[in-house]
Amino acid sequence: MTGRRREGEERHWATIALERRALADLVATLTPEQWATPSLCPAWTVHGVVAHLVSVHEADRRQLAGAVVRGRALPPRVVLALAADLDGWSGADLADGLRRHAGSRFHPPGLGARSALTDVMVHRVDVAVPLGLPVDRPAAHWTPVLDFLLSGLPMLGSIRGGRPRLRYRATDVDWHGGRGGRGGPGTEVSGTAAALATTVAGRPALVHELAGPGVAALRAWVGAGAAS
């Protein structure tokens, strides 16, 4: 790893720790009814989403092996099985778990720090939007997430294929990406970094905040996923 790349990874890990603590602060005050609210992830309530974020750090080898067996070694099912192991945890326990593991550097093999940042940033939206809470994070924290989501790297099979090939431009931070980059061909979609990343990750909740000639294709793609 080059010095510049190592420096970038260190910045990402510092951001990840900050975001995990910020999410812990957000969920620490939730009521039991809020914890039971369906999240933007169809398989999980708010409790399930936060349990997922904590469970990947809490599991020991025995628990991981059990989850692999229950999930038939399929990454998305293994993730669900690990989160289910924390079904009995209270909201306070989960918030404490986020804080306790804020500095963890675990990430899926080969995917690096940006995958861990994507996990906590996108799942914050999964929790906040259904609860009517603001998705109020620094725009710069979303740019590594956008780079990762548009890199073509797998995200444990959780990102559906078939996304239209578009060019994306953030309106609240200096970032461009997608097909054609800054000046090449492609149909543009613009919006805040949070709205772009959330939609590219397959969530329709903020697609209404986007603009540009590519929005119709992106809305159709993300809407098809939400309906399936």
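Below, the figures for the structure above:
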item	result
Helices (runs of 4 or more DSSP H) (entirely within segment 45-122) containing at least 2 residues that are closer than 30 Å to Ala140 by Cα and more than 18 Å from the chain's Cα centre (by Cα)	91-100
Residue within segment 8-26 that is buried (at least 19 other Cβ atoms within 10 Å of the Cβ), touching a Phe, Trp or Tyr at 6+ places or on another chain (Cβ under 8 Å) and of a type in the set (A, V, I, L, M, F, W, C) present	no
Test for Val145: is it closer than 15 Å to Ala22 by Cα and in contact with a Leu (Cβ under 8 Å, 6 or more places away or on another chain)	no
Given (1) surrounded by 15 or more Cβ atoms within 10 Å (Cβ to Cβ); (2) more than 13 Å from Glu19 (Cβ to Cβ); (3) in contact with a helix residue (DSSP H, G or I) (Cβ under 8 Å, 6 or more places away or on another chain), number of the condition Pro75 does not satisfy	(3)
Hey, Thr29 assigned to a loop (DSSP other than H, G, I, E, B), at pLDDT 90 or above and either open to solvent by 80 Å² or more (accessible area, probe 1.4 Å) or β-branched (Val, Ile, Thr) (or both) or not	yes
Checklist (1) within 24 Å of Ala197 (Cβ to Cβ); (2) surrounded by fewer than 21 Cβ atoms within 10 Å (Cβ to Cβ) applied to Asp126, failing item	(2)
Every pair of residues 6+ apart whose Cβ atoms lie under 8 Å, when the first sits in segment 19-42 and is farther than 29 Å from Pro144 by Cα while the second is among the small types (Gly, Ala, Ser) and buried (at least 21 other Cβ atoms within 10 Å of the Cβ)	none
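The values are calculated or read from the model by the stated rules, or taken from the named source; none is laboratory data. Please read all numbers here as calculations on a predicted model, not as lab measurements. As a convention, Cβ positions derive from the backbone with ideal geometry for all residues, glycine included, and neighbour counts pool all protein chains shown. Keep in mind that these areas ignore ligands, DNA and RNA; they rest on the heavy atoms of the full protein, side chains included. Shrake-Rupley method; radii C 1.70, N 1.55, O 1.52, S 1.80 Å.
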